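Below is one structure; the comments refer to it alone.
The values are calculated or read from the model by the stated rules, or taken from the named source; none is laboratory data. Here the structure is a predicted model, which is why all the values come from computation and not from measurement. Cβ atoms come from the backbone with ideal geometry, glycine included; neighbour counts cover every protein chain shown. Please note that ligands, DNA and RNA were not included when accessible areas were found on the heavy atoms of the full protein model with its side chains. Shrake-Rupley method; radii C 1.70, N 1.55, O 1.52, S 1.80 Å.
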Amino acid sequence: MKITKITCNLLDYPLPAPLHPSWAPGRIFTQTSCLVIRVATDEGLVGIGAGPDAGRAALYTVADLVTPYILGKDPFMVEQISPVIRVGAKDGSYPWLVEMALWDIIGKKAGLPLYRIWGAFQDSIPAYASLAEVVSAEECIDRLSWLAESGFKAAKLRLRRPCIRQDIEFVQKIRAHFGDKMQFMVDANQSHVMPCPETVGAWSYHDALIVARAMEEMDILWLEEPLLRYNYKQIAQLTATVDIPIAGGELNKGLHEYKQLIDAGCYDIIQADAAFSEGVSQLRKVAALAEMSFKPFIPHTWSNGIGMAANLHLAASVPNCPWFEIPIDPPAWTDESRDFMLNEPITIQKDGSIAVPQGPGLGIVLSEDALKKYTRLEWQSG
Ligand SMILES: [Mg+2]
């Protein structure tokens, strides 16, 4: 089989309400964008993948830095093609969607969902609702009540208020309202921010320690990204000092960074993402490294429905993934906001778990209508 053509669509989808994510302080998102790729082959099979909101940089990375070097190649030769994609990542922006599409082709050729090809561990995974916005406790309780009615038994709360005492009081109110009826994780989002209008600093080690101790008291499942991404020394110190698991690694890049941070003793939970961090093949190695280090591997998934599906197959094929992240924060970020490019949104089951799609490959179908309606920019190889 040979790769014969690559098509990229940069999509803009208007959100049902403005989104104020904690990872872009002061920025208001009225739309969500993503790059969708279709990789066609001489056998008529077409693989799909998608990358996060990185604007035109993502499209040109695929068009200029990756496509010329993979046309004509056999899509089964993932390990041979992956280094080309990694070069694209070094000089451009998030080309991992190309590898998702290769695996989608392989799954479609085999007639099997990817997680079964890789050696399945589970068919469904306990899901948690991953909120986005820093809102009042009252507003958050309303949203969480709705999510609980939808089946969610766990949720991740955002901490990024002007001072850590406010963050701690916020979690105390949420815990007091729900008691043991829901489980909670917290994400401090101190490792990085997206381009945004506000000048932002990051917590000190002392701040992180105070918050971690307070979260321990409230039986929070983990504290995510309490310190800057490359502050390995203090991340390792905090991980060793507190009892609450410290999670992170969503935007680290490359196998070598995960090796470095695991060797340094950073994080109890590794959260690489198939849309942001590396290709799926390399992330399977990261998951294995986490397993060998007796750490859970719980992928970050905050991109779009296709990226989430790629992470879901990855998560279901490793033995050390006890939770799966479902990005959802109504009214702005709904199943439809996340999965608008799919024929059907991916939803959780009544028992609060997410089932792995059983179709071949990624097990999802692109919506041709959405492609037509929301394409801002399209590019095709010659
Ligand atoms: Mg996070």
Which of (1) surrounded by fewer than 22 Cβ atoms within 10 Å (Cβ to Cβ); (2) under 19 Å from LEU131 (Cα atoms); (3) of a type in the set (Asp, Glu) does GLU257 not meet, given it meets every other one? (2)
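Regarding ASP91, is this residue open to solvent by 50 Å² or more (accessible area, probe 1.4 Å) and either in the same structural domain as ALA332 (by TED's automatic domain parsing) or farther than 27 Å from VAL193 by Cα (or both)? Give the steps one after another, and end with the answer.
On the way: open to solvent by 50 Å² or more (accessible area, probe 1.4 Å): yes; either in the same structural domain as ALA332 (by TED's automatic domain parsing) or farther than 27 Å from VAL193 by Cα (or both): no.
Here the answer is no, as ASP91 does not meet what is asked.
Starting from residues that are touching a strand residue (DSSP E or B) at 6+ places or on another chain (Cβ under 7 Å) and open to solvent by 40 Å² or more (accessible area, probe 1.4 Å), keep the ones in the stretch 179-225 and report whichever is nearest to the ligand (Cβ to nearest atom). Give the derivation first.
So the first thing to find is which residues in the stretch 179-225 are touching a strand residue (DSSP E or B) at 6+ places or on another chain (Cβ under 7 Å), and the list is 182-189, 191, 211-212, 215, 220-225.
Subset that is open to solvent by 40 Å² or more (accessible area, probe 1.4 Å): 183, 221.
Numbers: GLN183: 17, LEU221: 13 Å.
Here the residue is LEU221.
Got a sec? Which of ALA58, ALA129, ALA50 is in contact with a Leu (Cβ under 6 Å, 6 or more places away or on another chain), in contact (Cβ under 8 Å) with a residue 40 or more places away in the chain, among the aliphatic types (A, V, I, L, M) and within 16 Å of the ligand (Cβ to nearest atom)? It would help to see each step written out before you state the result.
Numbers: ALA58 fails: within 16 Å of the ligand (Cβ to nearest atom); ALA50 fails: within 16 Å of the ligand (Cβ to nearest atom).
Just one listed residue meets the conditions, ALA129.
Can you report the number of residues in the stretch 122-150 which are more than 15 Å from SER353 (Cα to Cα) and either open to solvent by 50 Å² or more (accessible area, probe 1.4 Å) or outside the structural domain of PRO162 (by TED's automatic domain parsing) (or both)? Outline the logic, then answer.
First, the residues of the stretch 122-150 that are more than 15 Å from SER353 (Cα to Cα): 131-146.
Adding the requirement that they be either open to solvent by 50 Å² or more (accessible area, probe 1.4 Å) or outside the structural domain of PRO162 (by TED's automatic domain parsing) (or both) leaves 134, 136, 138-139, 142, 146.
Total meeting the criteria: 6.
Here is a yes/no grid of residues against (1) assigned by TED's automatic domain parsing to the domain that holds SER317; (2) modelled with pLDDT under 95; (3) touching an Asp or Glu at 6+ places or on another chain (Cβ under 9 Å):
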residue	(1), (2), (3)
SER82	no, no, yes
VAL98	no, no, no
PHE170	yes, no, no
GLY179	yes, no, no
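State the number of residues belonging to the stretch 55-88 that are of a type in the set (A, V, I, L, M) and in contact with a strand residue (DSSP E or B) (Cβ under 7 Å, 6 or more places away or on another chain). If you could, list the steps in order and put the result at the bottom.
Initial filter on the stretch 55-88 (of a type in the set (A, V, I, L, M)): 57-59, 62-63, 65-66, 70-71, 77-78, 81, 84-85, 87.
Narrowing the set further to residues that are in contact with a strand residue (DSSP E or B) (Cβ under 7 Å, 6 or more places away or on another chain) leaves 58-59, 62-63, 70-71.
The qualifying residues number 6.
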